[in-house]
1. When the accessible area of region 8-166 is computed with all protein chains present and a 1.4 Å probe, what percentage of it is carbon and sulfur?
2. If I compute solvent accessible area with a 1.4 Å probe over the protein chains, what percent of it on region 310-349 is carbon and sulfur?
3. Roughly speaking, to the nearest percent, how much of region 261-300's 1.4 Å accessible area is carbon and sulfur?
4. Express in Å², to the nearest 10, the accessible area of K5 obtained by rolling a 1.4 Å probe over the protein heavy atoms while all chains stay in place.
5. List every DSSP H helix in the chain whose Cα atoms extend 27 Å or more along the helix's own long axis and whose mean Kyte-Doolittle hydropathy is at least 1.6.
6. Which order do H248, H346, H116 take by accessible area at a 1.4 Å probe, largest first?
7. Could I get the Rg over Rh figure for the chain? Both from C-alpha atoms, Rh via Kirkwood, rounded to two places.
8. What list of ³J(HN,Hα) couplings, whole Hz, do you get for region 342-350 from phi and the Karplus terms 6.51, -1.76, 1.60, once you set θ to phi - 60° and write x for glycine and proline?
Amino acid sequence: MRTEKIKAFFTNPVNVYILGLVLGLLATAMELAHNRAANLMVYRDATQQFWLGVSAYTDEFTAQHGRFFLYTPVFNILFTPFAFLPTWLCGLLWNTLNYTLLFIAIKKLPCKLNNHSAQITLYLLPLILVSLFCFQYNLVVCYLFVWAFILLEKDRPFWAVLLIMISATTKIYGIIEIGLLFCYPKMWRNIGYAALCGIGLLALPVLMTGVDGLVPWYTEWFNALTTHHDNTGNYPSLIYAIPGILPHMRLFQAFFLLLLVVLFFFLRSHWNDFLLRVQVLGILMGYIVLFSEATETHTYVIALTGYLMCWYVWEKHTLFDKIMLWVVFVLVCIVPIDLLCPDAVHQLLNKTFYLNVFSFTVVWLTMIWKTIAYIHPQYN
């Protein structure tokens, strides 16, 4: 009887939302109280400096804050409502809003996916909490992906494209979702929307820079983005996990993206199939994390959201699928959290042997294989 009550509690989306919100606010308050909200301070200070006409893409800013600011001036415009609030209120609102919008996006997923919103959120909760703890932007990128997909499925292409372009013009990850537009009616109209929204968003900083200063400001951002790379870094992506890839990472990224494009057009006769669209989205969300040179542990909230969407549309799960679901959960969601796992274990499994990266690579390749097998059952 008690087991049934526990199960009922954790399958109720409202209960899961409240649980995550309480834990997230506790983590937020703790970091704010100890003045450890470093990422939030970077967002706030860069935005305040932007309105003063002072660039955050400098060595001086990086030295002062202990990290790079690599977001576009569009980010500064959109973060402005938060930047001039008291720090405590800024942090609480930022994390509450982002957690809530991600939860609602998962809850609003179409077809049978929304029946599993509680399970999806619970699986992701450790990474969500880490993202809230660090005041990360990855939650925003994640729910922009999901909300854009929801709006495309609801035949609201303009708003979907606007969200895609907000993601693309703040943190470039989101640009890859434009490929999904091929799966929906009036593709060229939607591409036109993307161009107009992109131009409009990229022009927003003119409110501060003026017309003459817009290009130089973007030039500074681009230079910071392309020159910040730390060759001594240890990030959970294939670029670092596979020896010898780092010097050739652009070629590596382009090669696998080209393979995905070829596969995508190979399956073009099934673009109107909902299950295919979900799997394509999941594969793209996995790609931007696995092949990024700046992936962090909490970035996997994007990849795992796509993976879980695929998981719940698959018609059957093999024993291998079930094992890998929990292997990934342990290695990606649990091991990196020092409250749940000794740091020495994390260092050995994920920093030395990159088991988190390779385990997710296995399920990512499984997603691709199942996409082909779904369309061509003889390969299953």
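1. Working: 4340 of 6470 Å².
Using a 1.4 Å probe with all protein chains present, region 8-166 comes out at 67 percent carbon and sulfur.
2. Numbers: 1660 of 2330 Å².
Taking all protein chains in place, region 310-349 shows 71 percent carbon and sulfur surface.
3. Working: 820 of 1330 Å².
The computed percentage sits at 62.
4. 140
5. On the way: long enough: 13-33 (29 Å, 1.70); 87-107 (30 Å, 1.07); 355-375 (30 Å, 1.41).
Length and hydropathy pass: 13-33.
6. Details: H248 115, H346 20, H116 50 Å².
Per-residue accessible area, sorted high to low, gives H248, H116, H346.
7. Values: Rg = 20.6 Å, Rh = 21.7 Å.
With Rh from the inverse mean 1/r over Cα pairs, Rg/Rh is 0.95.
8. With the stated coefficients, region 342-350 comes to x, 4, 4, 5, 4, 4, 5, 6, 9 Hz.
The values are calculated or read from the model by the stated rules, or taken from the named source; none is laboratory data. A quick note: this is a predicted structure, and the numbers were derived from the prediction, not measured. When we count neighbours, we look across all protein chains shown, and the Cβ atoms used for this are built from the backbone with ideal geometry, even at glycine. Note: areas computed on protein heavy atoms with side chains; ligands, DNA, RNA excluded. Shrake-Rupley method; radii C 1.70, N 1.55, O 1.52, S 1.80 Å.
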